[in-house]
DNA sequence: GATGCTTACGATACCCGTAAAGATA
DNA sequence: TATCTTTACGGGTATCGTAAGCATC
């Protein structure tokens, strides 16, 4: 058993059992891939893959269990490398953040600014993806830290921590009947065509729940991934918008008005997530602490360090 | 990085940084050991060992952290092998139990009998060692299951479960003044020279606590590792004994009398322990269930499977 | 002087990639 | 037929063990 075999097993699952793709992904020959799989199966005395003739179709029962362990081992192998870098180049390296447009645009700028000042030699990669992809990136090890309002809770292998809370708010064109409705009501809002976030983005679920609980079915005429797009179409008069309130800038969004809406929608909590068992560099802990001063390494580390849980 | 290097790192710590011993333990040459260490340090760009000249003295800071990860990886490597065996030879293999004399002699016979009947092809190894050594064997992977009354609780990396509870009791020669003291009191017991278990064995701590709380300092004239030895010397008249009550057999121990003592000493709980992250074979779960019907695989597995703990 | 670590060097085994053959869709 | 996997084979490399050299105790 060697690491190349383990990498091949993992990659075979990721590439949906196409060994040619596996070879490409790992920059090696497919004959070698084929042989490595065979060798490992021989050594273990178990078939790991379900085959029809020569084609691989999926994992056998032992294969499934084995992949779980293999993933953990390769995660640890990567941890060793990060651990070594942590000591050989304390404040150098790469930090990969997976986050959504909303966070990248409105919550993280101050954090990133401070971080770059403190760690000028660290290459910061901000990946702007969907919440579901954030989870994927954390699980595959492609991202060190994930930040989003959705999807991060309820994953057993991912630890998440509250970053900050915020509310949705209604934006309307400068001249709009709703400007005079005070206090604003859900019923009033639901009478106009709505533009808001895609499903799965930036608290969209919260918005849907709010209307549903009120027995309203608003006409959502358009959905977008980010507030900038939403605001653009609200300005064009296609409807009124529901966006995260921090996405409104009184000066720059002069053509729009943000209506006081905190009584209408429930609070959202944006969370910071790290895969359990992922070795975080010192500057990774620093980044999280810059997000929220309460989230020190002393808080984060126990939650992501394996083999440290309590009794029974 | 390869597995041989990882094995060498682990073994170097175990062999107290004597590379010659490491080579012997791993059945390889010490030149290879030396080179592997150097190669890994070069690859990682970090010194893992503290050196004085050519001698290795200990682990550096990164070395300490690395060893933790390495241990986990090698544990997983072994888990893969056990997992494969589980499927290739479902009811064959080896099960290693580390336990104390008392358990091996009085609690386990019925379990072992039943186990051998159900799994005739499994080679059962009963290692009779001290409680502290049980912990070592579990941690090093040399034992699959540990059973003892002492030492198994409070280890973060070991999960333990209650097996059964029992009491200490006083044994005296057939003709002895204490036979007529009813109910028996601690004060009466403390007036005679005592023979009982060594410290760290079979609830000795419980016995000491009991006397101390009563303000008594009995004269323990002799201590032994097991009840058979204790009973022998009680028979010879060297003192009265305090043993686990299940170690008394009315027929075979005809020369002795067991005095009702359950009101004197607090209950002891013998526990079954498995290292967290250790892959237990199907027959391993069966063995535990034969010990106590409440300890099914459904109970044990979640407690020893990593990466399955709850949120935050 | 005995023990222990490193370096040098030759033999071996392993790993990789090319190429050809066979299987599947 | 095009795609994919397996098997065969040769070249290259890494690993291992012996032996010699050197440091530590």
Lone qualifier among B:64, B:38 - being away from chain A (no Cβ under 14 Å), within 27 Å of residue A:93 (Cβ to Cβ) and either touching a helix residue (DSSP H, G or I) at 6+ places or on another chain (Cβ under 6 Å) or part of a helix (DSSP H, G or I) (or both): B:38
Residues that are near DNA strand C (Cβ under 8 Å from one of its atoms) and not in a helix (DSSP H, G or I), drawn from region B:1-28: B:17, B:18
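Listed here are the residues, each with its yes/no results for (1) under 29 Å from residue B:71 (Cα atoms); (2) within 16 Å of DNA strand D (Cβ to nearest atom).
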| residue | (1), (2) |
| --- | --- |
| A:40 | yes, yes |
| A:60 | yes, yes |
| A:69 | yes, no |
| A:78 | yes, no |
| A:90 | yes, no |
| A:103 | no, no |
| A:106 | no, no |
Could you list all residues from region B:152-165 that are buried (at least 22 other Cβ atoms within 10 Å of the Cβ) and either free of Cβ contacts under 8 Å to residues at least 24 places away in the same chain or more than 13 Å from chain A (Cβ to nearest Cβ) (or both)? B:163
Candidate set: region B:207-229, residues that are in contact (Cβ under 8 Å) with a residue 40 or more places away in the chain and surrounded by 17 or more Cβ atoms within 10 Å (Cβ to Cβ); chosen: the one nearest to residue B:268 (Cα to Cα): B:207
Among the residues of region A:49-58, are any closer than 21 Å to residue A:301 by Cα and either touching a strand residue (DSSP E or B) at 6+ places or on another chain (Cβ under 7 Å) or away from DNA strand D (no atom under 15 Å from the Cβ) (or both)? no
Cβ pairs under 7 Å, 6+ apart or interchain, first in region B:8-23 and more than 14 Å from chain A (Cβ to nearest Cβ), second part of a helix (DSSP H, G or I) and more than 11 Å from DNA strand C (Cβ to nearest atom), ordered by first then second residue, are B:11/B:25; B:13/B:67; B:15/B:25; B:22/B:11
Does any residue of region B:41-50 turn out to be over 34 Å from the mean Cα position of the chain (by Cα), in a strand (DSSP E or B) and within 12 Å of DNA strand C (Cβ to nearest atom)? no
Considering every residue within region A:259-272, establish whether at least one is in a helix (DSSP H, G or I) and in contact (Cβ under 8 Å) with a residue 60 or more places away in the chain. no
I'd like to know if region B:96-107 contains one or more residues that are more than 16 Å from DNA strand C (Cβ to nearest atom) and either within 14 Å of another protein chain (Cβ to nearest Cβ) or surrounded by fewer than 17 Cβ atoms within 10 Å (Cβ to Cβ) (or both). no
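Listed here are the residues, each with its yes/no results for (1) on the phi > 0 side of the Ramachandran plot; (2) touching a helix residue (DSSP H, G or I) at 6+ places or on another chain (Cβ under 8 Å); (3) in a loop (DSSP other than H, G, I, E, B); (4) modelled with pLDDT of 95 or more.
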position	(1), (2), (3), (4)
A:125	no, no, no, no
A:132	no, no, no, no
A:138	no, no, no, yes
A:143	no, yes, yes, yes
A:150	no, yes, yes, no
A:153	no, no, yes, no
A:162	no, no, no, yes
A:171	no, yes, no, yes
A:178	no, yes, no, no
Criterion (in contact with a helix residue (DSSP H, G or I) (Cβ under 6 Å, 6 or more places away or on another chain), more than 14 Å from every other protein chain (Cβ to nearest Cβ) and either buried (at least 17 other Cβ atoms within 10 Å of the Cβ) or more than 10 Å from residue A:195 (Cα to Cα) (or both)) met by exactly one of A:255, A:250, A:286: A:255
Looking at region A:298-312, which of its residues are at pLDDT 95 or above and either in a loop (DSSP other than H, G, I, E, B) or more than 14 Å from chain B (Cβ to nearest Cβ) (or both)? A:298
Go through region B:75-91 residue by residue and tally those that are under 9 Å from residue B:281 (Cα atoms) and part of a helix (DSSP H, G or I). 4
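The values are calculated or read from the model by the stated rules, or taken from the named source; none is laboratory data. If you're wondering where the values come from, they're calculated on a predicted model, not measured in any experiment. We place every Cβ from the backbone using ideal geometry, glycine too, and count neighbours over all the protein chains shown.
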